[in-house]
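Engineer: Attaching a single structure in structure tokens format; questions to follow.
The values are calculated or read from the model by the stated rules, or taken from the named source; none is laboratory data. Please read these numbers as outputs of a predicted model, since none were measured by experiment. So basically every Cβ, Gly included, is an ideal-geometry build from the backbone, and we count neighbours across all protein chains shown. Heavy atoms of the whole protein, side chains included, go into the accessibility calculation; ligands, DNA and RNA do not. Shrake-Rupley method; radii C 1.70, N 1.55, O 1.52, S 1.80 Å.
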Amino acid sequence: MLTRKNLLLAGLMFALNGTALAGTVTIVTSFPKELTQAYKSAFEKANPDIKLEILNKNTVSGIAYVRETPEGRRPDIFWASAPDAFQVLVKENLLDKIADIANPAVPAVVGRFPINDPNGYFLGQALAGYGIMYNTRLLKAKKLPEPKTWEDLMRPEWFNNVGLTSPSRSGTTHLTVETILQGEGWDKGWETLLRISGNSAALTDRSFGVPDGVNNGQFGAGLVIDFFGLSSKYSKFPVEFVYPNETSIVPANIGLIAGAANGQEGKKFIEFSLSKEGQELLLAPQISRLPVLPYAQLSNVPENYPNPQVIVERSTVNFDVNLSQQRYYIVQSLFDQTITFRHKELQAASKAIFDAQAKLGDSPQGEAAELLAQAKKLAWTPLLSVEQVQAPELVALFSGDKKDTQVSQQLSKLQGDWNSQAKVNYEKAVELANKAKSS
């Protein structure tokens, strides 16, 4: 039993050492269990009085969860790959500033992109690039060429051999979509997305479904964030990963949620994730992420491990996170209404065009050439121009309160119109391509 003297001594020591940190830190993250479990085990071992609770949600659902949870009951940390998602949280005053716990050894930029938020609301915890993961055995069996560029996945031989998911289901896919749109421009970028999507065998429910499908041979190739491809490769699956020149290297971030119940303990975890020990966890084969600390400050960096500075130097994309944030929900909605919910019709249009091309050869003439050109335009042109997407009225509508009946009704009608028009376009493309083929 503690004596009065011992209790007084314990109280004095507590006062001298400051507030003791203890409790449960709740983390909302889109990261896979292999990563979160490694951090949970290492952090709790180093800080036995603090426990981590992991809430795994895709990025879009995670934003909604934080937004809809009352202050005081919110989780403590948001941890995800998509920098534009963090901008959304900042805009809605859902993050606290944490610049005071940034690791000073982390470089200021990767390429020209700031690793930490210049306003101090979130910190880069890892780096991420976007590219193509492919199954080497399946490619050999089907005699498919190794893809090196986004354009490679648009070719007819890739029909029904690609896997991807929707940007509304995956923050990393949203970044991939934005990378293509910003790298190629709005019209050319949407053509690339529509043609790759037309070649896809399926749109998976989660981003994890794409690498799983490539690993098990369901898909020949898939559009993924780099660590999906690299972790499979270093875990000995028959896969490779390639960064196209049109890629971006941007930080995967971590932030402290405003109104968190355990803010000080949450900061402790953020500091750990940015320490040498926390950064070296990223190099484990089952994780395979790119650290923000320079490799010279880390141990056990695998031989030939991707160097983000080299990748960013050859990339043709200067990712604009503000542009991505401005049209975040418009791009998601346009993708869903014209691709996700009309995938079957888009696939049919792509197949009809490929069949007509095969019949007519590389240089179709006369009416057949004109019909085929019309079919391609209908199938592979975005419903909205870049000017329409930037229109203040449209931006304001998608930024409006979705609980407002008038806003909700306007959005439903607009999205319904996009969906219906996409169906009409794809069906007309099939009709024209078949007519070209038989002419």
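Engineer: Identify, from the list L230, L139, L194, L153, the residue that is modelled with pLDDT of 95 or more and over 30 Å from L384 (Cα atoms).
Structural biologist: L139
Engineer: Identify, from the list F219, F241, the residue that is assigned to a strand (DSSP E or B) and either at pLDDT 95 or above or within 20 Å of R155 (Cβ to Cβ) (or both).
Structural biologist: F241
Engineer: Among G163, G129, G124, which is modelled with pLDDT under 95 and surrounded by 23 or more Cβ atoms within 10 Å (Cβ to Cβ)?
Structural biologist: G129
Engineer: Next question, about the same structure. Are there any pairs, at least 6 apart or on different chains, whose C-beta atoms fall under 7 Å, with the first in region 19-34 and within 16 Å of G62 (Cα to Cα) and modelled with pLDDT of 95 or more and the second open to solvent by 50 Å² or more (accessible area, probe 1.4 Å) and among the basic types (K, R), and if so, which?
Structural biologist: Final answer for the pair search is V28/K57.
Engineer: Using the structure shown, decide if Q374 is in contact with a helix residue (DSSP H, G or I) (Cβ under 6 Å, 6 or more places away or on another chain), within 17 Å of S439 (Cβ to Cβ), in a helix (DSSP H, G or I) and not hydrophobic (A, V, I, L, M, F, W, C).
Structural biologist: Spelling it out, Q374 is indeed in contact with a helix residue (DSSP H, G or I) (Cβ under 6 Å, 6 or more places away or on another chain), within 17 Å of S439 (Cβ to Cβ), in a helix (DSSP H, G or I) and not hydrophobic (A, V, I, L, M, F, W, C).
Engineer: Also, I was wondering about something else. Anything in region 55-86 that is in a loop (DSSP other than H, G, I, E, B) and open to solvent by less than 30 Å² (accessible area, probe 1.4 Å)? List them, or say none.
Structural biologist: Matches in region 55-86: N58, T69, P75, D76, S81, A82.
Engineer: Out of curiosity, is S288 buried (at least 17 other Cβ atoms within 10 Å of the Cβ), among the polar types (S, T, N, Q) and part of a helix (DSSP H, G or I)?
Structural biologist: Answer is no for this residue.
Engineer: Considering region 373-405 alone, what residues qualify as being modelled with pLDDT of 95 or more and either closer than 16 Å to E427 by Cβ or of a type in the set (S, T, N, Q) (or both)?
Structural biologist: Q374, A375, K376, K377, L378, A379, W380, T381, L383, S385, Q388
Engineer: Here is a follow-up. Could you list all residues from region 280-310 that are of a type in the set (V, I, T) and in contact with a helix residue (DSSP H, G or I) (Cβ under 9 Å, 6 or more places away or on another chain)?
Structural biologist: The answer is I287, V292, V301.
Engineer: Residue by residue through region 313-353, note down the ones that are in a helix (DSSP H, G or I), more than 28 Å from N160 (Cα to Cα) and among the β-branched types (V, I, T).
Structural biologist: V321
Engineer: Next question, about the same structure. Quick check on region 360-367. Is at least one of its residues open to solvent by less than 70 Å² (accessible area, probe 1.4 Å) and in a helix (DSSP H, G or I)?
Structural biologist: yes
Engineer: Give me the pairs, please: first residue somewhere in region 251-264 and within 28 Å of G129 (Cα to Cα), second residue anywhere and modelled with pLDDT of 95 or more and open to solvent by 20 Å² or more (accessible area, probe 1.4 Å), beta-carbon distance under 7 Å, and either six or more positions apart or on two chains.
Structural biologist: Going by the 7 Å Cβ cut-off, the qualifying pairs are G255/Y121; L256/D96; L256/K267.
Engineer: While we're on this one: Going residue by residue through region 106-123, is there one that turns out to be touching a His at 6+ places or on another chain (Cβ under 7 Å), outside any strand (DSSP E or B) and of a type in the set (G, A, S)?
Structural biologist: no
Engineer: E345 versus (1) open to solvent by less than 60 Å² (accessible area, probe 1.4 Å); (2) at pLDDT 95 or above; (3) closer than 27 Å to L89 by Cβ: which is the lone unmet condition?
Structural biologist: Here E345 meets the rest and fails (3).
Engineer: Let me ask something else about it. Could you list, in sequence order, all residues of region 152-174 that are under 14 Å from E246 (Cα atoms) and touching a strand residue (DSSP E or B) at 6+ places or on another chain (Cβ under 6 Å)?
Structural biologist: Of everything in region 152-174, just one residue is under 14 Å from E246 (Cα atoms) and touching a strand residue (DSSP E or B) at 6+ places or on another chain (Cβ under 6 Å), namely L153.
Engineer: A follow-up question, please. Hey, does region 134-145 have a residue that's closer than 26 Å to V210 by Cβ, open to solvent by 30 Å² or more (accessible area, probe 1.4 Å), out of contact with any Pro (no Cβ under 6 Å at 6 or more places or on another chain) and among the aliphatic types (A, V, I, L, M)?
Structural biologist: There is at least one residue in region 134-145 that is closer than 26 Å to V210 by Cβ, open to solvent by 30 Å² or more (accessible area, probe 1.4 Å), out of contact with any Pro (no Cβ under 6 Å at 6 or more places or on another chain) and among the aliphatic types (A, V, I, L, M).
Engineer: Kindly list the number of the only condition in (1) charged (D, E, K, R); (2) touching a residue at least 60 places away in the same chain (Cβ under 8 Å); (3) under 13 Å from L256 (Cα atoms) that fails for K91.
Structural biologist: (3)
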